[in-house]
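Below you'll find the structure, written out as structure tokens, and then a few comments.
Where a number appears in this text, it was derived from the coordinates with a stated rule and is not lab data. Everything numeric in this text was worked out from a predicted model, so none of it was measured. Neighbour counts are summed over all protein chains in view; Cβ atoms, including those assigned to glycine, are modelled from backbone coordinates with ideal geometry.
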Amino acid sequence: MTMEKDKACMYCNPDERQAGLMFKVTDLSVTELFFFKEQSHPGRCIVAYKHHAKEIFDLPVEDQTAFIADIARAAQAIQTVFNPDKINYGAFGDRNPSHLHMHLVPKYEDQFEWGSVFAMNPQQVYLTDAEYSEAIDKLKRAL
């Protein structure tokens, strides 16, 4: 496993790609929590490992455990703030360079994409700056 940063990776080197997709909420134990700008699924977040790695099995065992614990902690905060009926989890990363991260996608019965796989970025629902700030503040308090 490489613990170095990948110069082309938007998680290792935040740039306009990252700024166009998400806001950083906070650091967790071995990850960073991001709030996804596209909010067709209210509360959608991303948990990204702090170091460049491709696979969970690339992490030291203690970081594997902490990675999953960070995901659970973020999911609990999403549940507390947004009260979804289910949270979907997606780990893809087959675009170069891949960086270990997990999409946490709240789903609501009888709403957008219930019962199906979530779209990566449907580009349908965006919030105001005040709404983003409020949601992020609530998540921080719930953590």
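Computed values, structure above
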quantity	calculated
Residue of L104, L59, L21 that the Gaussian network model of the chain assigns the largest fluctuation, springs spanning Cα pairs under 10 Å	L21
HN-Hα J in Hz across region 21-32 - Karplus 6.51, -1.76, 1.60, θ = phi - 60°, x for Gly and Pro	10, 7, 10, 6, 8, 5, 8, 10, 4, 10, 9, 10
Three-way shape label, region 1-68, alpha-carbon gyration tensor, a/c 1.5	oblate
Backbone HN-Hα couplings from phi across region 132-139 [Karplus 6.51/-1.76/1.60, Hz, Gly and Pro as x]	4, 4, 5, 5, 5, 4, 5, 4
Over the chain: Kirkwood hydrodynamic radius from C-alpha pairwise inverse distances, Å	15.5 Å
Unit charges on C-beta of K, R, D, E only; dipole of the chain, Debye	100 debye
Cysteines having no other Cys beta carbon under 4.7 Å from their own, within the chain	C45
Mean residue ellipticity (222 nm) of the chain, computed from DSSP H runs ≥ 4 via -39,500 (n - 2.57), nearest 500	-9500 deg cm²/dmol
Residues of region 100-134 with amide N under 19 Å of a point placed 7 Å along Cα→Cβ from I56	100-106, 118
Rounded D (µm²/s) - region 78-141, Kirkwood Rh over Cα pairs, Stokes-Einstein at 20 °C, 1.002 mPa s	157 µm²/s
